[in-house]
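K.L.:
I'd like to ask you about the structure that follows.
The values are calculated or read from the model by the stated rules, or taken from the named source; none is laboratory data. Because the structure is predicted, anything quoted here is derived from the model rather than measured. Cβ sites come from the backbone with ideal geometry, for glycine too, and all protein chains shown count toward neighbours.
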Amino acid sequence: MNTVDERIIRFTEKNHVLTLATSNGEVPYCCSIFYVFDPGRCCFYFMSSVDTKHIRHATVQPLVAGTVVPGDTGIAKIQGIQFTGKFYSPQGEELNQAKKTYLKNFPMARLFDSEFWGVEMDYIKMTDNTLGFGKKIIWNRVASEEEVNK
């Protein structure tokens with residue numbers, strides 16, 4: 001697996017809300033979710049009830065997409081990521097670590113009857129205008145043939 005660019009890691013760890021896009025057949029849906037990020041696995045973890053529309057969609061069609069963007073910072077400072085990945089239910093030690101980290105960051109979540117979920121990303125495109133207008137940083141879980149042959 002390719003190492004995630006440090007700028008992407010810093011950005012995802014500095015923010016805490018992602019927009020998750022799901023679909024079920026021809027019915028798209030999106031929602032905003034509080035998350036924690038695991039750079040080693042390149043995964044977002046979050047809590048949500050099994051009877052929400054996005055979880056019902058994702059358990060049927062686990063290929064999802066999303067974005068992470070901070071509040072409005074002006075065009076010269078725009079930063080954000082777009083991603084695609086696979087939705088899943090973490091298990092065992094991965095679940096224990098995700099819960100520990102999530103509940104440390106969002107202690108009020110203990111009050112809700114929700115399950116833990118993950119999105120293992122396979123592609124990230126980060127736009128970072130602080131590096132120059134329209135600057136893009138791309139990450140893929142599997143290196144492209146071009147990257148392997150460098």
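K.L.:
Regarding residue 70, is this residue touching a residue at least 24 places away in the same chain (Cβ under 8 Å), closer than 17 Å to residue 121 by Cβ, under 18 Å from the mean Cα position of the chain (by Cα) and part of a loop (DSSP other than H, G, I, E, B)? I'd like the intermediate steps shown before the answer.
P.N.:
On the way: touching a residue at least 24 places away in the same chain (Cβ under 8 Å): yes; closer than 17 Å to residue 121 by Cβ: no; under 18 Å from the mean Cα position of the chain (by Cα): yes; part of a loop (DSSP other than H, G, I, E, B): yes.
Criteria not met by residue 70.
K.L.:
Right, something else. Residues in the range 26-40 that are of a type in the set (D, E, K, R) and modelled with pLDDT of 95 or more: how many?
P.N.:
Step one: filter the range 26-40 for residues of a type in the set (D, E, K, R), giving 26, 38.
Add one more test, that the residue is modelled with pLDDT of 95 or more, and what stays is 38.
Of the residues in that region, 1 qualify.
K.L.:
Determine if the range 70-85 includes at least one residue that is in contact with a Cys (Cβ under 6 Å, 6 or more places away or on another chain) and either closer than 25 Å to residue 133 by Cβ or of a type in the set (Val, Ile, Thr) (or both).
P.N.:
no
K.L.:
How many of the residues making up the range 34-54 are buried (at least 20 other Cβ atoms within 10 Å of the Cβ) and either of a type in the set (Val, Ile, Thr) or not in a strand (DSSP E or B) (or both)?
P.N.:
4
K.L.:
Something else about it: What about residue 12, is it of a type in the set (S, T, N, Q), closer than 20 Å to residue 101 by Cα and either within 13 Å of the chain's Cα centre (by Cα) or exposed (fewer than 14 other Cβ atoms within 10 Å of the Cβ) (or both)?
P.N.:
Yes: the conditions hold for residue 12.
K.L.:
Turning to a different aspect of this structure: What are the residues in the range 8-31 that are closer than 15 Å to residue 87 by Cα and among the hydroxyl-bearing types (Ser, Thr, Tyr), if any?
P.N.:
19, 22, 23, 29
K.L.:
Considering the range 76-121 alone, what residues qualify as being in a helix (DSSP H, G or I), charged (D, E, K, R) and surrounded by fewer than 16 Cβ atoms within 10 Å (Cβ to Cβ)?
P.N.:
Result: 77, 93, 100, 104, 110.
K.L.:
Could you check the range 1-28 and list, in sequence order, the residues that are in contact with a strand residue (DSSP E or B) (Cβ under 9 Å, 6 or more places away or on another chain) and of a type in the set (A, V, I, L, M)?
P.N.:
4, 8, 9, 17, 18, 20, 21
K.L.:
Quick check: anything in the range 62-69 aliphatic (A, V, I, L, M) and exposed (fewer than 12 other Cβ atoms within 10 Å of the Cβ)? Write out each step before concluding.
P.N.:
Taking the range 62-69 as the starting set, the residues that turn out to be aliphatic (A, V, I, L, M) are 63-65, 68-69.
Checking the rest, the ones that are also exposed (fewer than 12 other Cβ atoms within 10 Å of the Cβ) come to none.
No, the range 62-69 contains no residue that is aliphatic (A, V, I, L, M) and exposed (fewer than 12 other Cβ atoms within 10 Å of the Cβ).
K.L.:
What's the number of the condition residue 23 fails, among (1) under 22 Å from residue 141 (Cβ atoms); (2) at pLDDT 95 or above; (3) loosely packed, with under 13 Cβ neighbours inside 10 Å?
P.N.:
Going through (1) under 22 Å from residue 141 (Cβ atoms); (2) at pLDDT 95 or above; (3) loosely packed, with under 13 Cβ neighbours inside 10 Å one by one, residue 23 breaks only (3).
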